[in-house]
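Engineer: The structure under discussion is supplied below as structure tokens; questions concerning it will follow.
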Amino acid sequence: MEQPTTQIPKRCKASGALPFFGVVEKLPVDLLIGWRVSLPLNVLWSKTAICDSLFSPDAAILQIKVHYNDVYSAVTRAEDVESLPEGTHVVVAAARESTDAGHQAMLWYLEPGKAFGFADQSEQRTERRRGADTAEGHLRLSWHLDGHGGYRAGCTECLNHDSCWRKLIFRKDISRSATWLMQAEPCMGPARDRDMFGSYATLMCDDGFRQVHRCLLRCRCPAAYRKETTQIYLPGVSATALRDLIAYLYGALLPWEHEQDSDSKAVHGRVMALADAANFLELEPLARICKAWCSEGEASGHGRWSALLPGMVLGHGTPGAVLEDDLAMLLKELDDDDSDEDQVTVILGRPMDDSQAASARAHALLLCTRSGFFARALSAGFIEQERRVVHLGIVEELGLWRPGEDPSYVLGAFHALVRYFYTGRHEVEARFALDLLALLEGDFLQLESTTEALSATCEAAALAAPLEEIGVVAARAHHLGFLDLAEDSLRRMAGMLDTAKAAREACASMPQELLVELLALLVEQTPSR
């Protein structure tokens, strides 16, 4: 007999940096803008956390991904809940109406074939109908699994055939806070050192000043950047609020996250002062987060819940809401022909091979904070800082490219690495995966974070290559010394070749020795007569 589980699976455990945890009703949804990890708390929300205000037009900057959305009358399967990816935040909700309440602890349950839901721990779940929770109490949510629709949201029960209430699951991938960028805040030393990361502007208040890189202002706070001045005065803003503003711009950190202040009144004052600074700079997402934290956010409007399709990310690309999204906006600048004082050119080869080597551009701010190699190359006293050109000669030493060869593979790999620098996303095309894997080995670039996940992505991409690219992948793997990956690619190819035309196209770029190995594998697979 299957034993029911009384808690949500570990991989679905939520965590966040919020001034509450447990079952919460009528949560100001603006508090979830740019939702970020700080402390491992069991944070999951009841029916009204995701209610009217979430879907109002002016709440479109929320950065949470829709995982599941359907009416209560629809059938929910255990797989719909169990399909939540490893390492994600989870918000489970029923949306229609709200009341004021908040409680600290909860009881979770996921019983395949029976029910899924939660209840406030003060209201123990003791009564069931087909596995669903029928006990008294309004701090409850319960859905039948595998055949009977939803059941209850708060005090409202028997919703199995209801099409007004909606069952919602939101998730947000857990990623390390981007505090790595904070090391780039312009120092107060010689201007030559400050220039390493690019140009900067000065934010001034009555009792102090801080400096911020102009490219960061451009993507995070466009209104401030449009002032077209290197000095911006913030009237009425304190030095503490200015420091908190810099922490948000560089690290997406909020006052209650980066400092543990036991005095709630002091934190409240800091948050409101930060909201004033955000309002002056027209940094709307930060202002709304601060006001929501102080319980000043108000639910408004009614939404079209059916329009939220699974996989949708709400508020993608809104400046100031999510740091990684804002940095990704800077990627688009790399395609412009106009030169930028904040960018550097990376030559993928030795200095003597400039005329043949490929080149790529990137913002010094991202290169230097992500890679110790680029930080040293662009530090004061080195010729690269003056020319804003860095040579990556390691590509020739590793055999990724040499004069006279096609530079497209190493260029594609470097572009994938740059995208990782800006967005933190592990994305690489199969044909460039082995070159990127070679760049990551040995930590020559001295990256600020571990590369295990990115390296694993490279291997997975190589081994999932479509037939038309397997030959290229096998050839690059063999050329760069990844012999196991080359053999695995050949075995995949041998199992996929079913026509002479497919064989010619897939094998066109393979060296002779690999063709011999492939032929041997094909012979092995041919049944004897």
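Engineer: List the GluC sites (Glu not before Pro) in the stretch 384-459 that DSSP assigns to loop (not H, G, I, E or B) and whose Cβ has at most 11 other Cβ atoms within 10 Å. Which are they?
Structural biologist: Listed in order of number, the matching sites are Glu427.
Engineer: For the stretch 344-411, which chymotrypsin sites (Phe, Trp or Tyr not before Pro) pass both filters: DSSP loop (anything but H, G, I, E, B) and at most 15 other C-beta atoms within 10 Å?
Structural biologist: Details: sites: Phe373, Phe374, Phe382, Trp401, Tyr409; in loops: Phe382, Trp401.
Those that pass, being in a loop and sparsely packed, are Phe382.
Engineer: I need the phi-derived Karplus couplings for the stretch 473-489: 6.51 cos²θ - 1.76 cosθ + 1.60, θ = phi - 60°, integer Hz, Gly and Pro marked x.
Structural biologist: Once rounded to whole Hz, the list reads 4, 4, 5, 5, 4, 5, 5, 8, x, 8, 5, 5, 5, 5, 5, 4, 5.
Engineer: How large is ³J(HN,Hα) for each residue in the stretch 275-289, as worked out from phi by the Karplus curve 6.51 cos²θ - 1.76 cosθ + 1.60 (θ = phi - 60°), to whole Hz, x for Gly and Pro?
Structural biologist: The phi angles translate into 4, 5, 5, 5, 5, 5, 8, 6, 8, 4, x, 5, 4, 5, 4 Hz.
Engineer: Amide H to amide H, which residues 5 or more places from Gly349 or on other chains are under 5 Å from it, using H placed in the peptide plane?
Structural biologist: HN-HN under 5 Å from Gly349: Leu392, Gly393.
Engineer: Let me spell out the model: positive unit charges on the Cβ of Lys and Arg, negative unit charges on the Cβ of Asp and Glu, origin at the Cα centre of the stretch 396-529. What dipole size does that give, in debye rounded to 20? Don't skip to the answer; put the middle values down first.
Structural biologist: On the way: 10 positive and 22 negative charges, 100 e Å.
The calculation lands at about 480 debye.
Engineer: I've got another one for you. Under the 0.36 nm per residue contour assumption, what length would be gained going from the current alpha-carbon distance of Ala456 and Leu519 to full extension?
Structural biologist: Details: separation 63, 0.36 × 63 = 22.68 nm, distance 2.89 nm.
Stretched out fully, the Ala456 to Leu519 stretch lengthens by 19.8 nm.
Engineer: Evaluate the distance, in nm, between pseudo-label points positioned 7 Å from the Cα of Glu136 and of Glu427 along their respective Cα→Cβ axes.
Structural biologist: Result: 5.4 nm between the two label points.
Engineer: Given H placed 1.01 Å from N in the peptide plane, which residues other than close sequence neighbours of Arg361 have an amide H under 5 Å from its amide H?
Structural biologist: Under 5 Å from the amide H of Arg361 lie the amide H atoms of Val346, each far enough along the sequence or on another chain.
Engineer: HN-Hα J couplings of the stretch 156-162 from phi, Karplus 6.51/-1.76/1.60, θ = phi - 60°, integer Hz, Gly and Pro as x?
Structural biologist: 7, 10, 6, 9, 4, 10, 7
Engineer: Let me ask something additional. Computed FRET efficiency, Cβ-Cβ of Glu397 and Glu282, R0 45 Å: what is it to the nearest 0.05?
Structural biologist: FRET efficiency, Glu397 to Glu282: 0.40.
Engineer: Sticking with this one: Charges only on Cβ, +1 for Lys and Arg, -1 for Asp and Glu: so what's the dipole of the stretch 343-434 about the Cα centre, in debye to the nearest 20?
Structural biologist: 340 debye
Engineer: Between Val75 and Ala464, 0.36 nm times their residue separation minus their Cα-Cα distance comes to what?
Structural biologist: Details: separation 389, 0.36 × 389 = 140.04 nm, distance 3.38 nm.
Net length gain for the segment: 136.7 nm.
Engineer: Quickly work out the Cys164-to-Glu405 label distance, labels modelled 7 Å from Cα along the C-beta direction, and quote it in nm with one decimal.
Structural biologist: So the label points at Glu405 and Cys164 sit 6.8 nm apart.
Engineer: Taking 0.36 nm per intervening residue step and subtracting the Cα-Cα distance, what contour gain separates Glu441 from Glu487 on full extension?
Structural biologist: Between Glu441 and Glu487, full extension yields an extra 14.6 nm.
Read the figures in this text as sums done on the coordinates, not as results from a lab. The shown structure was predicted, so the numbers you read here are calculated from the model rather than taken from an experiment. FYI the Cβ positions are ideal-geometry reconstructions off the backbone, even for glycines, and counts take in every protein chain you see.
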